[in-house]
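Comments concern the structure below.
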Amino acid sequence: MIDFSSQTYQNILQAMLAQVPSTFDQRDTAPIPTALGPAAYTFEGFYLNLNLVQQQAFIQTASGQSLDYLGALAGLTRYPASAAVMLGVFNAEVPIGSRFSTINGENSINFSATSQVADETYQYQLTAEVPGTIGSDYTGPIVPISVIPGLTSAQITSILIPGDDTETDDAFRQRIITALNDRPFGGNIASYRENILAIDGVGAVQVYPTWNGGGTVACSILGSNYLPASEELVQTVQTAIDPPAQGTGLGLAPIGAQVTITTPAEVTINVSATLTLSPGYEVGQVQAPIEAAIEAYLLTVRQGWSTNTSSTSVVYAADVYVARVVAAIVSVTGVVNATNVQLNGGTADLTLTETGALQQVPITGTVTLSV
């Protein structure tokens, strides 16, 4: 890639003037510099546009629609936003297609009842009418838009399939590069990752080949919110990849591969620490920001949960380090130092289990602070 950053107005003008004999007046207000100025300004704009065109031609620097076009090199398209599916609990029968609205002010959105939850009375899957993560943000009472006789109680209680926003440039770029380097083909690990991550609501996946003997594959998934997937999402992925009877090739998995879709177990991380605070600060002022900082760190751990750390075998990790927790705490304004930091009552790092039989992810628990 050619660097055009030096092609500024001033540099272009000086290069032009260097071609003019020194016997001519080259002061700023002289006729020759005055005549060359507009051309230098135009050339600077030309080089800026040329640099932009050059950047949009490469996967590493392209953005927007240009990156969408380059995705075809790997046979990929950008993941569109998907609608959240939530669990609605009512006191009466709700006709399929009935519409409801959340009651959270300007962030209020509508949901439609799309199916009844099997073996449950008056529980329904509600699909957001607006795609994206906004559909997963609300739990609580909802109000009916449709007229439903006898309905006196309606609420959203939990997430079944989290909504997801349109894939970002950075995420799509990394997926293109990974696809070109890993070569998904014929049921290899890269193929399973590509097929499972393409399913709405899935945010991450670990793949364990031959975890329970030849021909067996374990795939553990997180929702797009990087939390353990719901039973409904696990079943959706299972049906798409390898539905009953397993190994028959009725899904995306190759014939003979018996694929088990699961989700990791939550490991609650309780944190305690003794703080040194700046003058004028109290624990109550830093409690919420510290909890948010610790959750932000644990989110990065969950986001890296599906990364294979080995080039020669399948190794995943989601360990929680005391030093990183300390760093999160002292990053909060008003906190000078943190000592006696403990994770689940101990001072050691927490090593979570990541195997084909058991996978774990860290979830923020209680945060106990003292001075």
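The values are calculated or read from the model by the stated rules, or taken from the named source; none is laboratory data. Predicted, not measured: the structure shown is a model, and the values here were computed from it. As a convention, Cβ positions derive from the backbone with ideal geometry for all residues, glycine included, and neighbour counts pool all protein chains shown.
Taken over region 7-41, the criterion of being outside any loop (DSSP other than H, G, I, E, B), surrounded by 12 or more Cβ atoms within 10 Å (Cβ to Cβ) and among the β-branched types (Val, Ile, Thr) is satisfied by 12, 32. The residues on offer are 100, 46, and the sole one that is of a type outside the set (Val, Ile, Thr), buried (at least 18 other Cβ atoms within 10 Å of the Cβ) and farther than 22 Å from residue 166 by Cβ is 100. Considered as a group, the residues in region 307-362 that are charged (D, E, K, R) and either under 16 Å from residue 206 (Cα atoms) or in a loop (DSSP other than H, G, I, E, B) (or both) include one that is farthest from the chain's Cα centre (by Cα), and that residue is 349.
Scanning region 159-180 for residues that are among the β-branched types (Val, Ile, Thr) and closer than 22 Å to residue 74 by Cα returns 166, 168, 176, 177, 178.
Among residues of region 1-29 that are within 19 Å of residue 42 (Cα to Cα), those with a Cβ under 7 angstrom from a residue that is in a loop (DSSP other than H, G, I, E, B), sequence gap 6+ or separate chain, pair up as 17/26.
The set of residues in region 232-273 being among the hydroxyl-bearing types (Ser, Thr, Tyr) and either under 23 Å from residue 197 (Cβ atoms) or loosely packed, with under 15 Cβ neighbours inside 10 Å (or both) consists of 236, 239, 248, 260, 262, 263, 268. Taking first residues from region 165-192 that are without any contact (Cβ under 8 Å) to a residue 60 or more places away in the chain and of a type in the set (Ser, Thr, Tyr) and partners that are part of a loop (DSSP other than H, G, I, E, B) and surrounded by 15 or more Cβ atoms within 10 Å (Cβ to Cβ), the Cβ contacts under 7 Å between residues at least 6 apart in sequence or on separate chains come to 191/184.
Yes or no, residue by residue, for (1) assigned to a helix (DSSP H, G or I); (2) under 12 Å from the mean Cα position of the chain (by Cα); (3) assigned by TED's automatic domain parsing to the domain that holds residue 301:
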| residue | (1), (2), (3) |
| --- | --- |
| 207 | no, no, no |
| 217 | no, no, no |
| 225 | no, yes, no |
| 233 | yes, no, no |
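Here region 211-230 is the region considered, the condition is being closer than 25 Å to residue 256 by Cα and of a type outside the set (Gly, Ala, Ser), and the residue that is surrounded by the most Cβ atoms within 10 Å (Cβ to Cβ) is 219.
Return a yes/no flag: does region 132-139 have any residue that is under 30 Å from residue 254 (Cα atoms) and surrounded by fewer than 16 Cβ atoms within 10 Å (Cβ to Cβ). No, the conditions are met nowhere in region 132-139.
Only one of the numbered conditions (1) assigned to a helix (DSSP H, G or I); (2) under 30 Å from residue 210 (Cα atoms) is not met by residue 254, and that is (1). Taking region 212-252 as the range and being small (Gly, Ala, Ser), at pLDDT below 95 and farther than 21 Å from residue 82 by Cβ as the test, the residues that pass are 213, 214, 215, 245, 247, 249.
Those residues that are surrounded by 12 or more Cβ atoms within 10 Å (Cβ to Cβ) and not hydrophobic (A, V, I, L, M, F, W, C), I need them from region 81-97; list them, please.
First, pick out the residues of region 81-97 that are surrounded by 12 or more Cβ atoms within 10 Å (Cβ to Cβ): 81-94.
Once the filter is applied, which keeps residues that are surrounded by 12 or more Cβ atoms within 10 Å (Cβ to Cβ) and not hydrophobic (A, V, I, L, M, F, W, C), region 81-97 yields 82, 88, 91, 93.
Quick check: is even one residue across region 179-190 acidic (Asp, Glu), at negative phi, surrounded by 18 or more Cβ atoms within 10 Å (Cβ to Cβ) and not in a loop (DSSP other than H, G, I, E, B)? There is no residue in region 179-190 that is acidic (Asp, Glu), at negative phi, surrounded by 18 or more Cβ atoms within 10 Å (Cβ to Cβ) and not in a loop (DSSP other than H, G, I, E, B).
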